[in-house]
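Data first, discussion second: the structure below is written as structure tokens.
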Amino acid sequence: MNTNTYIVGRGFLYWLDARAKLLLIVLLSVMVFFPSHYLALSLLFLLIFIIVWYSVGFKQSLRPLRSLLFIIVVMALFIPLTQRGGEPLWAVKGTVLVTREGVAHFATLALRLLIVTYSCTLYIWSTPMAAINLALRWYGLSYKGALTVTLAFRFIPFIGETFVMIRDSHSLRSASDSSQKERLRLGDLVPTVTSALVFALKAIPHLATTLEHRGFGSTLKRSSYKRLEAKGGLFIHFLLSVIILLATFVLLNSI
């Protein structure tokens with residue numbers, strides 16, 4: 001799995017050290033679950049979205065939102081119905097369907113999901129996978145653990161690209177009629193998923209051989225070909241991360 005999630009972009013996050021960014025992302029993901037008003041979370045998400053937009057472009061910045069759209073729609077349908085207490089906003093024949101507290105609860109959960117997703121996605125997009133591996137090992141995670149995490153990050157886009165490739169190959173075999181083509185696409189969903197699974201299983205021996213050539217499983221102490229170097233000093237990078245976290249904490253508690 002040679003799929004790399006790194007995207008060439010711009011912004012200070014590409015300059016920030018991978019270890020400082022990892023600390024920033026983890027603490028930020030924890031901080032958003034503290035009791036906060038949904039307006040403060042909305043402002044925080046807007047700032048993160050602008051950063052992602054500036055870093056990788058508007059079209060790329062919409063990809064996490066599209067992937068979460070179905071989940072958000074399901075939340076919008078069920079969460080207001082489960083939160084019946086409070087001031088009614090919509091009632092049908094005396095039956096309260098939506099309350100102000102239910103909408104606020106939905107907004108809080110949806111914004112937390114979006115903030116965590118965009119923050120982690122931006123970290124993966126702005127950091128090479130080798131740097132993520134070294135950052136995890138710098139924090140004390142074993143080589144096997146760091147390799148497992150980075151392989152998981154590679155596996156998801158690998159399966160996604162494989163599925164798209166197989167789906168496109170099936171679509172080329174369909175008839176020229178558009179309606180018949182749509183029916184064939186729906187009918188070929190199970191074979192497409194099966195083919196993607198078989199393709200992934202066939203990649204296991206190649207992955208095992210590559211890991212064996214790199215000394216995986218050896219009892220000798222593992223060395224690193226590449227080293228993380230923080231421009232300007234690692235202390236400056238961690239200081240910037242702490243300043244951003246403090247500013248976020250003040251923002252979440254200001255409303």
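Amide H to amide H, which residues 5 or more places from L89 or on other chains are under 5 Å from it, using H placed in the peptide plane?
The answer is V98, T99, R100.
Kindly report the accessible area of the chain per residue (heavy atoms of protein chains, probe 1.4 Å, no ligands, DNA or RNA), in Å².
Values: 16010 Å² over 255 residues.
Spelled out: the 1.4 Å probe surface of the chain, per residue, equals 63 Å².
State the extension gain, in nm to one decimal, for the chain segment bounded by F70 and L251, taking 0.36 nm per residue of separation less the distance between their alpha-carbons.
On the way: separation 181, 0.36 × 181 = 65.16 nm, distance 2.89 nm.
The span from F70 to L251 would gain 62.3 nm if fully extended.
May I have the extent of the alpha carbons of the chain along their three principal axes, as whole Å values ordered from largest to smallest?
Cα extents, longest axis first: 70, 61, 33 Å.
Output the pairs from K59/K231; K202/K226; K21/K144 with a Cα-Cα distance over 26 Å in this structure; if there are none, say none. Numbers along the way, then the final one.
Details: K59/K231 30 Å; K202/K226 30 Å; K21/K144 22 Å.
The pairs that break the limit, which is 26 Å between Cα atoms, are K59/K231; K202/K226.
How much length would be gained if the chain were fully extended between L39 and R167, taking 0.36 nm per residue of separation minus their Cα-Cα distance, in nm to one decimal?
On the way: separation 128, 0.36 × 128 = 46.08 nm, distance 4.13 nm.
So the extension gain works out to 41.9 nm.
Would you work out which of A152, S119, T82 lies farthest towards the positive end of the dipole of the chain? Charges go on Cβ: Lys and Arg +1, Asp and Glu -1.
A152
Put +1 on the Cβ of every Lys and Arg and -1 on every Asp and Glu Cβ in region 204-255; which of T209, H237, L252 then has its Cα farthest towards the positive end of the dipole?
It is T209, whose Cα lies furthest towards the positive end.
Just the number, please: carbon plus sulfur as a percent of the accessible area of the chain, 1.4 Å probe, no ligands or DNA/RNA counted.
Values: 10870 of 16010 Å².
So the carbon and sulfur contribution to the accessible surface is 68 percent.
Per residue, what volume in Å³ does the convex hull of the Cα atoms of region 8-58 enclose?
Values: hull volume 3.7 nm³, N = 51.
Taking only Cα atoms, region 8-58 has a hull volume of 73 Å³ per residue.
Is it possible to state the helix-based mean residue ellipticity at 222 nm for the chain, with each DSSP H run of 4+ residues giving -39500 (n - 2.57), the sum divided by total residues, to the nearest 500 deg cm²/dmol? What is it? Spell out each step's value before the answer.
Values: 10 runs with 178 residues, N = 255.
The helix contribution divided over the chain gives -23500 deg cm²/dmol.
The values are calculated or read from the model by the stated rules, or taken from the named source; none is laboratory data. Source: prediction; values computed, not measured. Methodologically, a virtual Cβ is constructed for each residue, glycine included, from the backbone with ideal geometry; neighbour enumeration extends over all protein chains shown. We work out accessible area using only protein heavy atoms, side chains counted, and drop any ligands, DNA or RNA first. Shrake-Rupley method; radii C 1.70, N 1.55, O 1.52, S 1.80 Å.
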